[in-house]
Amino acid sequence: MKLVFAGTPEVAVPALDALIASERHEVAAVVTRPDAPAGRGRRLVASPVAERAEEAGIEVLKPARPRDEDFLARLREIAPDCCPVVAYGALLPKTALDVPARGWVNLHFSLLPAWRGAAPVQHAVMAGDEVTGASTFLIEEGLDSGPVYGVLTEEVRPTDTSGDLLTRLAFAGAGLLAATMDGIEDGTLHAVPQPAEGVTLAPKISVEDAQVQWSAPALRVDRVVRGCTPAPGAWTLFRGERLKLVQAVPVLDRTDLAPGELSAGKNNVYVGTGSHAVELLWVQPQGKKPMRAADWARGVRIVHGELLGL
């Protein structure tokens, strides 16, 4: 099939690579979000998908909005058979959905209908799911509600951050998306409607959502830290400034600290929660690079009984 691939961040690149490598399909063009300011200089930078497509000599389309008539006209000229999508980052209007004969097929990082929305992997980690996965489905106008072509499962490991899990799913999902394109092309794969039961939503995680509540159990604190790593980053307040929590682990045998209470030794930093303590391993003070929590604690000279989160 002639394909137009839509995607933007680094997590979409493995799927693009898999389709470029396929001997059965031609990636005629790539659709991605416009260049965005990045770094201290805030200079405009192309998306990872755009950079990879340009390296491969593939035409790159960067519409400000996918309903723009110039973009739709070019899409109709290319006349793709199918448009595979991975984390494109914009809603597709019906005028775009109607262009490819076999539709737009999304690789979504959950076992649909669970975790429909922008942040399925973060929500899976924060909810304590033991198994998640990826699904390919035919995009329709509803939110991730279209019929499913294929799925794969992936174990959520006890120490996984959302970044760890998303990286594994990106590579495994690339194979699933390529296989889905093969099955659509040869007619062996047919989309099956999603069940009405089991629908959960995964909206984007805001900075406010990532604030750690020390009155919660240690297990919840652990999930929030892992689920919000690397973005948007779990955080708390220390002496009126934000302190990002990069890595923390529950400590089952320590229950003597009040929620948010700090206890710093030579090589360890503990914080009380609503159940047992957590040990801070890595933190990032405001305006600084990540550092070992014990080094941070020595530098700030924690006072006995001092609290996080106030």
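The values are calculated or read from the model by the stated rules, or taken from the named source; none is laboratory data. These numbers were taken from a predicted model, which means no experiment stands behind them. No Cβ is skipped: glycine too gets one built from the backbone with ideal geometry, and neighbour counts run over all protein chains shown. Just the protein is used for accessible areas: all its heavy atoms, side chains included, with ligands, DNA and RNA removed. Shrake-Rupley method; radii C 1.70, N 1.55, O 1.52, S 1.80 Å.
Calculate, in nm to one decimal, what ARG239 and ARG24 gain on full extension: separation in residues at 0.36 nm each, minus their alpha carbon distance.
Working: separation 215, 0.36 × 215 = 77.40 nm, distance 5.93 nm.
Stretched out fully, the ARG239 to ARG24 stretch lengthens by 71.5 nm.
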>> I'd like to know which of CYS83, PRO230, LEU3 lies farthest towards the positive end of the charge dipole of the chain, counting +1 on Cβ of Lys and Arg and -1 on Cβ of Asp and Glu.
In response: PRO230
> Working from the pairwise distances between different alpha carbons, so that the mean of 1/r is found and then inverted, what is segment 9-131's Kirkwood radius in Å?
Replying inline: 16.0 Å
>> I need the P(r) histogram for the chain: all alpha carbon pairs, bin width 20 Å from 0 out to the longest distance, whole percents.
In response: 31, 48, 20, 1
>> So, taking all protein chains as they sit and a 1.4 Å probe, how much accessible area belongs to MET1, in Å² rounded to tens?
In response: 30 Å²
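When the chain is fully extended, how far beyond the present Cα-Cα distance does ASP256 get from THR167, taking 0.36 nm per residue of separation? Display every interim value, and only then the final one.
Details: separation 89, 0.36 × 89 = 32.04 nm, distance 3.75 nm.
Result: 28.3 nm gained on full extension.
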> Using 1/(1 + (r/R0)^6) with R0 = 51 angstrom and r between the beta carbons of ASN267 and LEU44, what's the FRET efficiency to the nearest 0.05?
Replying inline: 0.70
>> Suppose we keep just the DSSP beta bridges with both residues in the chain; what percent of those would be antiparallel, to 5?
In response: 70 percent
>> Before I look further, what does the chain give for accessible area per residue, probe 1.4 Å, in whole square angstrom?
In response: 48 Å²
>> Given the -39500 (n - 2.57) contribution per DSSP H run of 4+ residues, what per-residue ellipticity at 222 nm results for the chain, rounded to the nearest 500 deg cm²/dmol?
In response: -7500 deg cm²/dmol
> Which of the helices in the chain, when you take each full DSSP H run, stretch at least 27 Å along the axis at their Cα atoms and have an average Kyte-Doolittle score of -1.0 or higher?
Replying inline: 162-186
> Under a point-charge model restricted to the Cβ atoms of Lys and Arg (+1) and Asp and Glu (-1), what is the dipole moment magnitude of the chain relative to its Cα centre, in debye to the nearest 20?
Replying inline: 1380 debye
> What are the principal axis extents of the Cα atoms in segment 47-106, in Å, biggest first?
Replying inline: 29, 22, 22
> Percent relative contact order of segment 31-181, based on C-alpha pairs within less than 8 angstrom and at least six residues apart?
Replying inline: 16 percent
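Relative contact order of the chain, please, whole-number percent, based on alpha carbon pairs below 8 angstrom and at least 6 residues apart. Don't skip to the end; give the middle numbers.
Details: 678 pairs, mean separation 40.6, N = 310.
Across the chain, relative contact order equals 13 percent.
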> Which of the lysines could a cross-linker bridge to LYS2, judged by Cα under 24 Å and excluding same-chain residues fewer than eight apart?
Replying inline: LYS62, LYS94
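How big is the antiparallel share of DSSP beta bridges in segment 1-91, given as a percent to the nearest 5? Kindly include the intermediate steps, with their values, before the conclusion.
On the way: 3 of 14 bridges.
So the antiparallel bridges amount to about 20 percent of the total.
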> Regarding segment 95-178, what whole-number volume in Å³ per residue does the convex hull of its Cα atoms give?
Replying inline: 87 Å³
> aspartates and glutamates near LYS288 by alpha-carbon distance under 14 Å, same-chain residues fewer than 8 away left out - which ones?
Replying inline: GLU241
